[in-house]
Amino acid sequence: MSESNDAIGVVGVGWVGLVTAACFADLGRDVVAMDVDEAKVAALSAGQVTMHEPGIEELLERNRERLTFTTDMDEVLGRTRLLFCCVDTPPTYSGDADLSRVQAVVSKLADDGTHALVMKSTVPAGTGATIRREKPSLAYVSCPEFLKEGSAVQDFLHPDRVVVGAEEGSDWAADAVEELYRPLGGKLVRTDVASAEMIKLASNAFLATKISFINEIANVSEEVGADVTEVARGMGLDTRIGPSFLSAGLGFGGSCFPKDTTALKQLAGNSGYHFQLLTSVIEVNELQKRRVLKKLEKHLGKLAGKRIALLGLAFKPNTDDMREASSLVLSARLQGEGAKVAAYDPVAAERASELLPDVEFADSAAAALENADAAILVTEWPEFAELPWAELAGRMSTALVIDGRNFLDPASLREAGFAYEGIGRPG
Ligand code: UDX
């Protein structure tokens, strides 16, 4: 059997792993996807999807015959040569990336030329070199993933670029990875392993920097009477800057930016370099979520006993992912001030209910807003733009909206009787 006919192995069926497995299957490859979580594997084998991600259900359904889900690593090893490592690398107490799940995968691989480990998990630069020292005959390719939750399938199928990092001796595996991705288009960056690892970390850190930068511009705009959405529009037309990731708001959350910025800062620190800029990016992001309380107090005075409705809980729309969501910090801070928190999210409520104690979950935005003293738009779900705001103003105790994502139209809200505050927009 030639290499190109081998099944593709995927280890770890979280967001990256499941999307990778489904998309390779859609490209016509047999895929064996392994996870240690028996319940997840059983659900996926029975055709149930374990996360909210547009397009994934259809892909899995369409490619059921090409996809095998298993908890058995030997089954994966028996049917594959290329093994995509998609396990998570959460932060440790020190802020470094926890590589124990990656190490568990490596420990299962023989130190011979049979298999290649293709690293999709986000790992510190230097991880590939360590693994290669440990198992010099194991082929190793760094192929970082750049997909965004909520558009992960589209991002996978239409990549801007595909980064393939490998050293001498692993060329056969790097060529095979290139071949797999070729039908998707996207510019190929063939490079060494350490540089591929850094491309991933630097890309996420740069995007996070863009967000913290525009958030600081928003904060200054509030002081000088400028509108940050206009500022961003004007800046973004400069092709050197570009329009994306210039939306001011409550800061970045999710499974990647907070973790990866901290991990890069730690990686630099461990190597003896103080990454000053990134330290500020992280701090700005933390403070940005808390500024909302000042805006509320400006209108409501002390928040004790006030009922505050959170519209949206997920870290961004089109996902039910609650990791590092701004809603977690906001809700805790509001409760810390003695406010009562009501919340509505169209898909993340179930996950959120495990994380947000003493929050009243409503089954619609209107129900969350009933008798509320303020609404905070936390996640820009499209349905919030369509709400009958004029009618809702009458059902709230105070018609106040803090638009944490600059998502709503200030003029229409004010016309509907609301006091409206965005982020970096004139009051
Ligand atoms: C990110 C990277 O974009 C992706 O390449 C990487 O593989 C994983 O991390 P993701 O976390 O899914 O993807 O979402 P993204 O759309 O990048 O948003 C991250 C956070 O930044 C969200 O909380 C979002 O609300 C926030 N954000 C994004 C802003 O506050 N402003 C912006 O302009 C863009």
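I need the calculated FRET efficiency for the pair T114 and F206, taking r as the beta carbon distance and R₀ as 41 Å, to the nearest 0.05. Working shown, then result.
Working: r = 37 Å, r/R0 = 0.91.
Here the calculated transfer efficiency is 0.65.
Using mean Cβ contacts within 10 Å as the protection proxy, how do 337-343, 121-127, 16-22 order, highest first?
16-22, 121-127, 337-343
Across the stretch 83-95, in residue order, what do the Karplus-derived ³J(HN,Hα) couplings come to in whole Hz, using 6.51 cos²θ - 1.76 cosθ + 1.60 with θ = phi - 60° and x for Gly and Pro?
Rounded to whole hertz, the list is 10, 7, 8, 10, 6, 7, 10, x, x, 8, 4, 7, x.
Write down the accessible area per residue of the chain in Å², having rolled a 1.4 Å probe over the full set of protein chains. Spell out each step's value before the answer.
Numbers: 18600 Å² over 427 residues.
Averaged over the residues of the chain, the accessible area is 44 Å².
Go ahead and run the numbers for FRET between A390 and Q154, Cβ-Cβ distance against an R0 of 25 Å, rounding to 0.05. Walk me through the numbers on the way to the answer.
Numbers: r = 35 Å, r/R0 = 1.42.
Efficiency, rounded to the nearest 0.05: 0.10.
Once both labels are modelled 7 Å past Cα along the beta-carbon direction, what's the N270-V36 spacing in nm?
Spacing of the two 7 Å Cα→Cβ label points: 1.9 nm.
Below 15 angstrom from the Cβ of R64, what's the summed charge of the other residues (Lys, Arg +1; Asp, Glu -1)?
On the way: positive: R29, R62, R66; negative: D26, D30, E57, E58, E61, E65.
That sum, taken over residues with Cβ under 15 Å, equals -3.
To check my understanding: the extent here is largest minus smallest coordinate of the Cα atoms along each principal axis. What are those three numbers for the stretch 1-126, in Å, largest first?
42, 36, 23
Put a dot 7 Å past each Cα toward the Cβ at R233 and R182; how far apart are the dots in nm?
4.5
Return the calculated 222 nm mean residue ellipticity for the chain, to the nearest 500 deg cm²/dmol, obtained by summing -39500 (n - 2.57) across DSSP H runs with n ≥ 4 and dividing by the residue count.
Working: 17 runs with 181 residues, N = 427.
Result for the chain, helices only: -12500 deg cm²/dmol.
Expected output is a single nm value to one decimal: the length gained when fully extending between D72 and A194, i.e. 0.36 nm times separation in residues minus the C-alpha distance. What is it? Please report the intermediate quantities before stating the final value.
Values: separation 122, 0.36 × 122 = 43.92 nm, distance 3.07 nm.
Gain on extension, D72 to A194, equals 40.9 nm.
Can you check how the C-alpha radius of gyration of the stretch 243-315 compares to 2.2 N^0.38 Å, as a plain ratio? Provide the component values of the computation, followed by the final result.
On the way: Rg = 16.2 Å, N = 73, 2.2 N^0.38 = 11.2 Å.
The stretch 243-315 yields a ratio of 1.44.
At R0 = 41 Å, how high is the FRET efficiency between E65 and A366 if r is their beta carbon distance? Nearest 0.05 is fine. Please report the intermediate quantities before stating the final value.
Numbers: r = 44 Å, r/R0 = 1.08.
Between E65 and A366 the formula returns 0.40.
Could you please report the charge total around D320, scoring K, R as +1 and D, E as -1 over all other residues with beta-carbon less than 10 angstrom from its beta-carbon?
Working: positive: R351; negative: E53, E149, D321, D345, E350.
Neighbourhood net charge equals -4.
How large, in Å, is the chain by the Kirkwood hydrodynamic radius built from its alpha-carbon pairs?
Numbers: mean 1/r = 0.0433 Å⁻¹.
Mean inverse Cα-Cα distance, inverted, gives 23.1 Å.
Roughly speaking, to the nearest percent, how much of the chain's 1.4 Å accessible area is carbon and sulfur?
51
With every protein chain left in place and a probe of 1.4 Å, what is the accessible surface of S271, to the nearest 10 Å²?
90
The values are calculated or read from the model by the stated rules, or taken from the named source; none is laboratory data. Computed from a predicted model, the values in this text were never measured in an experiment. A quick note on method: Cβ atoms are made from the backbone with ideal geometry, for glycine too, and the neighbour counts reach across all protein chains shown. Each accessible area value is taken on the protein alone, full model and side chains, heavy atoms only, with ligands, DNA and RNA left out. Shrake-Rupley method; radii C 1.70, N 1.55, O 1.52, S 1.80 Å.
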